[in-house]
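Take a look at the structure below.
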Amino acid sequence: MKKNSMKSKQSILDSITDFESAAWELPPRATFGITYDDPIAQFSKILKTVGGTAIRVPNTQALLEELATLDFLAPASNIYSAIPEFLPSTVDLAHTDTPQQLHDLDVALVRGELAVAENGAVWVTDELLRHRVVLFIAEHVILIVSVASVLQNLHEAYEQLSFGKPQYGVFISGPSKTADIEQSLVFGAQGPRTLTVFLLDEEPAA
Amino acid sequence: MRVGLFIPCYIDQLYPNVGIATVRVLERFGVDVDFPENQTCCGQPMANIGCDRAAAPLAEQFFATFRHYEHVVCPSGSCTAMVRHHYQKYLGHHEGFETLRNSVYELCEFLTDVLHIGPLEGDFPHRVGIHQSCHGLRELRLAESSERVAKPFSKPHSLLESLRGIELVSLSRGDECCGFGGTFAVTQEAVSCSMGNDRIRDHEQAGTEILTGVDMSCLMHMEGLLRRQKKPMRVMHLAEILCQSGAHCR
Amino acid sequence: MNHPQEAARFLANAKRAKWHDEALWFVRSKRDMAAADIPEWEQLRQQASQIKAHTIANLKTYLQQFEQKATDLGAHVHWARDASEHNTIVQSILRDHGARRIVKSKSMLTEECQLNPHLENAGFEITDTDLGEWIVQLRNEPPSHIVLPAIHIKKEEVGELFHQKLGTRQGSADPDYLTESARNTLRKSFLQADAAITGVNFAIAETGGIVICTNEGNADMGTGLPGLHIACMGIEKIIPRAEDLALFLRLLARSGTGQPITAYTAHHHGPRPDGQLHIVLVDNGRTEILKQEAFRNSLHCIRCGACMNTCPVYRRSGGHSYGYTIPGPIGSILASARDPKAFYTLPYASSLCGSCTDICPVNIDLHHQLLAWRSEITRQKILPLPKRLAMAALSHLMRRPRLYRLFGAISRSIGRAIPRTLLYCRFNVWGRQRELPPLPKKSFRRMFQQEAARREEKQHEK
Ligand code: SF4
């Protein structure tokens, strides 16, 4: 840290006096998150309202069949897939030195760690993702989530997440969108135009 | 039961009939009404503009005038809110202020929460639109506001809905402010009138024949707009409706 | 800056003002529906407010904890006392990296600090990548709303702007087409950028992470491409624990736009393996607000924009009428803290209806704070003398019940007697669009007394 900033830090901290007061105790963890009888249905419903598509598949076979019906896949020439068994990659991130090289990526398929019924969000990290920009620069994003990891609400989600190490993680809920021109909703504002989430019943082999 | 009647200055001077209607209604429910002569203004206009030094003596005057009543009743939401929520800084040091604060009621509150009058019998064959005045709504909680996620209720509605022949309209923006806002009505004249006109339009589309509410100040503002535009909608304070309809307990 | 004047100007175009009001009411209605889906909504607000109060009470501790944790993760943490120091820090980081082209996602803090003009003057090329922000940047004006920066602009105007600046088809105002054109242009900026600047929605003391919410994905596009990420945040953005995010995120997007959550909610813990993360913590007046107990909880604000959407005055006067970076109820409070004299009309730009207070996801008592600012403005004698005198005079009158009675009676009879043209002269602001109430002959107290006297008589007769 530069000297000036050091001085400013001291001066900012000096002008703050923490005041202890029982009235301002940190409340305990919230335990009142909404729950749904059918979280999968809820997740799918919400994802639809935010412009995404959820497809539940019982097993890998069904997943492959559903993938084959996605009309943006056929013409796609640049595909990054984190799970080659599901979809072969045409782009090798290990040999992609700069993220800018991914500028013409058509499709990205990655695994989502968990999903949240309440808000249709899927948690994705860059743990195995050399260039996390694939999640944003691709025209179409496909996420694979195990049905068992669909949680009720955000409180449950944060109970499971841990943030000890340097890492990037993101909740994705629907494709990129904007309503900045007269409140008209447009998908594909800057990032992906579509988001497809496969909810897989059978735990995918790690 | 004997209550101290608090009639806000502008009702005293401009809408005496609202005061009289309030007296009649209270008496009809068996309440004896005292009107202490020393009352004038609760200090809201001064407090509202920020002039605390001008407002404080009026709070003192109010305290001296009403402190010995077990119940004080006022046909105005915002003046009641002034006492309940804004007198603390002027009177907090007085012993007995807490008691006074808890004894001041807006008319609807008094009828429903103290007298527990239940459904009323009476006739009022008109289409009525209720204006939820903001201070009655969000400071006194006479009704649940549209912002909050909670079971809806409305004391003004529940007082009127059982009258024979009455039709309570439903609005597209059920509790938006009319733009009166005290001195705001003048310092922000353009916005204030625009807000008032929007409320009126909402009531027009809902078919309101008589516009009512618990605050004559809001109604005065909208009545001013209505009359200038020569619109047929009429304005009545809720107490006037209760009075005219002959409302009494079942 | 004079809010009533600006508001009147805005309202002079009645059709447009109505359009503006309805656009924002639409957002408010979406918020209502989203909130209604969550039965524990009020509990969430309550708890979020408590967490904020707790954090603000322990701000020093949490800031230090955050710095420690963020540094452990490999981020660089900087401290800026004020706007100019913030701008200098950002500039020097950029200079050290030889960065010249910058993509910036939405950050009200950088607006507050006037970072763009600062960097532009120093020769940097800075592109606001949020579509709404970019539109106002191209128009050379500030955002008029903190979440919907271009809410005051019609699609035809965007069409014309893009036609001039990007060469889109003349006369096209189709949002799909215009958004697509913006996307193509902005995509180039992203790919060429040397650095990304972002705001911060939440900074987690316990983990040293920062959270950035967008719908367009523009912040992540920025931080995912160039290796240098500078995140600028006010010191009040700290929250204690990661799990507290659950509360705030559940409230934020629902309150702001009625979405269950923003499309992208990015959690950055440390820099990219191949990049750098600089976090600039900015005071710029916040510690001053902290010292004023009456206004302290304005620091709870999570910048959701709900108080703007719901404010009947904001909707009818537009964001620019406030003349401050943050408009609406919360903006009026923050502007007053910055310079009560320059912004003294803002606390009065409210009917005190309290809708803001009921909608605020962190339970800030906004309308009471506006009222408290009015007291402060009067106490500091900023309120023009005539108004103060008028209130003092009114108070004197009201303290003398007999004089009040006399004055009332005389005024009413004068009011009834004078000709209409005089009554409705140009000094009668009330009467410009409104009738005065018909002035009664008798006051209530007079009527009451007479009635009481009659009753007594009757009693006597019996
Ligand atoms: S004050 Fe409350 S409602 Fe207004 S922007 Fe801040 S958090 Fe949202």
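The values are calculated or read from the model by the stated rules, or taken from the named source; none is laboratory data. Because the structure is a prediction, the values reported are computed rather than measured. Virtual Cβ from ideal backbone geometry, glycine too; neighbours counted across all protein chains shown.
Quick notes
- The sole residue among B:LEU26, B:LEU5 that is touching a Phe, Trp or Tyr at 6+ places or on another chain (Cβ under 6 Å) and on the phi < 0 side of the Ramachandran plot is B:LEU5.
- C:ALA266 surrounded by 24 or more Cβ atoms within 10 Å (Cβ to Cβ), more than 12 Å from C:HIS145 (Cα to Cα), in contact (Cβ under 8 Å) with a residue 12 or more places away in the chain and away from the ligand (no atom under 16 Å from the Cβ): yes
- On the stretch given as the stretch C:294-309, residues that are within 8 Å of the ligand (Cβ to nearest atom) and either outside any helix (DSSP H, G or I) or touching a residue at least 60 places away in the same chain (Cβ under 8 Å) (or both) total 9.
- Summed over the stretch C:100-114, the residues that are crowded, with 20+ Cβ neighbours inside 10 Å and part of a loop (DSSP other than H, G, I, E, B) give a count of 4.
- In the stretch B:174-194, of all residues being under 13 Å from B:HIS131 (Cα atoms) and among the hydrophobic types (A, V, I, L, M, F, W, C), the one that is nearest to the other protein chains (Cβ to nearest Cβ) corresponds to B:CYS177.
- None of C:THR345, C:THR378 is within 13 Å of another protein chain (Cβ to nearest Cβ) and either in contact with a Lys or Arg (Cβ under 8 Å, 6 or more places away or on another chain) or within 16 Å of the ligand (Cβ to nearest atom) (or both) except C:THR378.
- From the options A:LEU67, A:LEU73, residue that is assigned to a helix (DSSP H, G or I) and of a type in the set (A, V, I, L, M, F, W, C): A:LEU67
- Flag: A:SER44 matches the condition of being small (Gly, Ala, Ser), touching a residue at least 24 places away in the same chain (Cβ under 8 Å) and either in a helix (DSSP H, G or I) or surrounded by 12 or more Cβ atoms within 10 Å (Cβ to Cβ) (or both).
- Elements of type helices (runs of 4 or more DSSP H) in the stretch C:1-74, at least 1 residues being of a type in the set (Ser, Thr, Tyr) and touching a helix residue (DSSP H, G or I) at 6+ places or on another chain (Cβ under 8 Å): C:41-57, C:59-72
- For the stretch C:316-325, the count of residues that are within 16 Å of the chain's Cα centre (by Cα), of a type in the set (Ser, Thr, Tyr), buried (at least 17 other Cβ atoms within 10 Å of the Cβ) and more than 14 Å from the ligand (Cβ to nearest atom) is at least one.
- In summary, C:VAL362 fulfils each of the numbered conditions (1) within 16 Å of the ligand (Cβ to nearest atom); (2) more than 8 Å from every other protein chain (Cβ to nearest Cβ); (3) out of contact with any His (no Cβ under 6 Å at 6 or more places or on another chain) with the single exception of condition (3).
- Subset of the stretch A:181-206 (residues that are closer than 17 Å to C:PHE190 by Cβ and buried (at least 24 other Cβ atoms within 10 Å of the Cβ)): A:ALA189, A:GLN190, A:GLY191, A:PRO192
So that you can scan it fast, the table gives a plain yes or no per residue for (1) more than 28 Å from B:LEU225 (Cα to Cα); (2) more than 38 Å from the chain's Cα centre (by Cα); (3) surrounded by 17 or more Cβ atoms within 10 Å (Cβ to Cβ); (4) not assigned by TED's automatic domain parsing to the domain that holds C:PRO347:
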| site | (1), (2), (3), (4) |
| --- | --- |
| C:LEU383 | yes, no, yes, no |
| C:ALA392 | yes, no, no, yes |
| C:SER413 | no, yes, no, yes |
| C:PHE427 | no, no, no, yes |
| C:LEU439 | no, yes, no, yes |
| C:PHE444 | no, yes, yes, yes |
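- Cβ pairs under 7 Å, 6+ apart, first in the stretch C:406-432 and touching a residue at least 60 places away in the same chain (Cβ under 8 Å), second part of a helix (DSSP H, G or I): none
- Residue match in the stretch C:247-254 (condition: more than 10 Å from chain A (Cβ to nearest Cβ), within 13 Å of the ligand (Cβ to nearest atom) and modelled with pLDDT of 95 or more): yes
- Residue check: C:THR168 meets all listed conditions (1) in a helix (DSSP H, G or I); (2) more than 9 Å from chain A (Cβ to nearest Cβ) but one, namely (1).
- Test for B:LEU219: is it closer than 13 Å to B:GLN132 by Cα and away from chain C (no Cβ under 13 Å): no
- Boolean, B:HIS135 is in contact (Cβ under 8 Å) with a residue 60 or more places away in the chain, buried (at least 21 other Cβ atoms within 10 Å of the Cβ) and touching a strand residue (DSSP E or B) at 6+ places or on another chain (Cβ under 7 Å): no
- Filter pass, C:VAL313 being of a type in the set (A, V, I, L, M, F, W, C), part of a loop (DSSP other than H, G, I, E, B), surrounded by 23 or more Cβ atoms within 10 Å (Cβ to Cβ) and within 16 Å of the ligand (Cβ to nearest atom): no
- C:LEU397 passes every criterion in (1) among the hydrophobic types (A, V, I, L, M, F, W, C); (2) within 11 Å of another protein chain (Cβ to nearest Cβ); (3) closer than 25 Å to B:CYS178 by Cβ apart from (3).
- Complete set of residues in the stretch B:106-142 that are over 17 Å from the mean Cα position of the chain (by Cα) and either under 20 Å from B:TYR87 (Cα atoms) or of a type in the set (Gly, Ala, Ser) (or both): B:GLY118, B:GLY122
- Any hit, the stretch C:170-190, residues being within 30 Å of C:ASP244 (Cα to Cα) and either crowded, with 23+ Cβ neighbours inside 10 Å or modelled with pLDDT of 95 or more (or both): no
- Residue within the stretch A:136-154 that is assigned to a loop (DSSP other than H, G, I, E, B) and within 19 Å of A:ALA82 (Cβ to Cβ) present: yes
- Only listed residue being closer than 29 Å to C:TYR264 by Cα and in contact with a helix residue (DSSP H, G or I) (Cβ under 9 Å, 6 or more places away or on another chain), chosen from A:LEU13, A:LEU73, A:LEU64, A:LEU47: A:LEU73
- Those residues of the stretch C:249-273 which are part of a loop (DSSP other than H, G, I, E, B) and touching a His at 6+ places or on another chain (Cβ under 9 Å), in sequence order: C:PRO271, C:ARG272
- When residues in the stretch C:3-15 are screened for being surrounded by 14 or more Cβ atoms within 10 Å (Cβ to Cβ) and either among the polar types (S, T, N, Q) or free of Cβ contacts under 8 Å to residues at least 60 places away in the same chain (or both), 1 of them pass.
- Counting only residues that are free of Cβ contacts under 8 Å to residues at least 12 places away in the same chain and either within 14 Å of chain B (Cβ to nearest Cβ) or within 26 Å of the chain's Cα centre (by Cα) (or both), the stretch C:59-83 holds 1 of them.
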